[in-house]
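Written out below as structure tokens is the structure these notes cover.
What follows is calculated from the coordinates using simple rules that are stated; it is not laboratory data. Here the structure is a predicted model, which is why all the values come from computation and not from measurement. Every residue, glycine among them, receives a Cβ derived from its backbone with ideal geometry; neighbour counts consider all protein chains shown.
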């Protein structure tokens, strides 16, 4: 019975780590593939491999490195399948893209966290607009109909909000001494 409890805890731990890295894993895969639909497909293939191999993961090791390595091989397999269909892609370029993404990952995550803080500082109506358009994916035309606003007015508001967020992120990171 104890081994089942231990396995259950290990599975819970791996699933929690896995959930935490999904967004970064998707960005990593997307950095090597130009087609967002292909990136989604490879992420799902990666998820399946991680799920099948989760028992091979050693809890004392770096989970992020483990799943990123699996993703890397899944991207390579995907590109090899495309190459057989006439689409070519250099493995050296893939290695370079992977290394470039990993060298910038910390900065990207820091900017993402800072952006979240900046969104929280927005006025409530601006925050709601950002959430509806970017979080929920509501079409601006549909939003205009729902709110009675002109589409151009919504686009102007979004442009103003994006500028505010950009300035907030730059100011915050600059004050912390980060680029």
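Values for this structure:
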| item | result |
| --- | --- |
| Inter-label distance for residue 52 and residue 110, nm, one decimal - labels placed 7 Å from Cα along Cα-to-Cβ | 3.9 nm |
| Additional length obtainable on full extension of the chain from residue 162 to residue 77, 0.36 nm per residue less Cα span | 26.9 nm |
| Fully extended contour minus Cα-Cα distance, from residue 100 to residue 142, at 0.36 nm per residue | 11.3 nm |
